[in-house]
1. Return the residues of the range 62-84 that are of a type in the set (Gly, Ala, Ser) and in contact (Cβ under 8 Å) with a residue 12 or more places away in the chain; say none if nothing qualifies.
2. For GLN67, all conditions in the list (1) among the polar types (S, T, N, Q); (2) within 16 Å of ILE26 (Cα to Cα); (3) surrounded by 10 or more Cβ atoms within 10 Å (Cβ to Cβ) hold save one; what is the number of the exception?
3. Scan the range 50-84 for residues that are of a type in the set (Phe, Trp, Tyr) and out of contact with any Lys or Arg (no Cβ under 9 Å at 6 or more places or on another chain) and jot them down.
4. Determine if the range 63-78 includes at least one residue that is of a type outside the set (Ser, Thr, Tyr), over 14 Å from the mean Cα position of the chain (by Cα) and at pLDDT below 85.
5. Would you be able to tell me the number of residues in the range 14-39 that are at pLDDT 85 or above and farther than 18 Å from ALA55 by Cα?
6. With the condition kept exactly as written, say whether any residue in the range 42-61 is polar (S, T, N, Q), touching a residue at least 60 places away in the same chain (Cβ under 8 Å) and part of a helix (DSSP H, G or I).
Amino acid sequence: MKYTNKITAATIARTAALLLALANQILSAFGKSPLPIESSTVEQLVTVGITTVTALINWWYNNSFTQAAMEADKTYDRMKQNGF
C-alpha cells in the first residue's frame, strides 16, 4: 500500500518544540542548567513559559501522525468545503 500523506512541517516543528521544552524542564528539575542564564529564578520562569506556550500550541492544533488520522483530516477538509 502506497502512502501519499506526509506529516506536515508544522506538526514536526510543534512536536520538536514540545520535546525541547520538556527536556529543558526535566534538566531544570534535576538542577542542571540547560539555558545559559545566571539567575535560577529567571531560568525557571523562562522554562515554565516555554513549556506552557508549547503545550498550549500543541493542545490547540491537530497533530496527525498516523495514516488514518491524516485521511480523517482530508475527509474533514472535504466536508468543510462542501458545507457540512
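1. SER64
2. Answer for GLN67: the failing condition is (2).
3. TRP59, TRP60, PHE65, TYR76
4. No: the range 63-78 contains no residue that is of a type outside the set (Ser, Thr, Tyr), over 14 Å from the mean Cα position of the chain (by Cα) and at pLDDT below 85.
5. So the count comes out to 1.
6. Initial filter on the range 42-61 (polar (S, T, N, Q)): 44, 47, 51-52, 54, 58.
Next, only the ones that are touching a residue at least 60 places away in the same chain (Cβ under 8 Å) stay: none.
Looking for residues that are polar (S, T, N, Q), touching a residue at least 60 places away in the same chain (Cβ under 8 Å) and part of a helix (DSSP H, G or I), one finds none in the range 42-61, hence no.
The values are calculated or read from the model by the stated rules, or taken from the named source; none is laboratory data. Not measured: the values here are computed from a predicted model. Neighbour counts run over all protein chains shown; Cβ positions are idealised from the backbone, glycine included.
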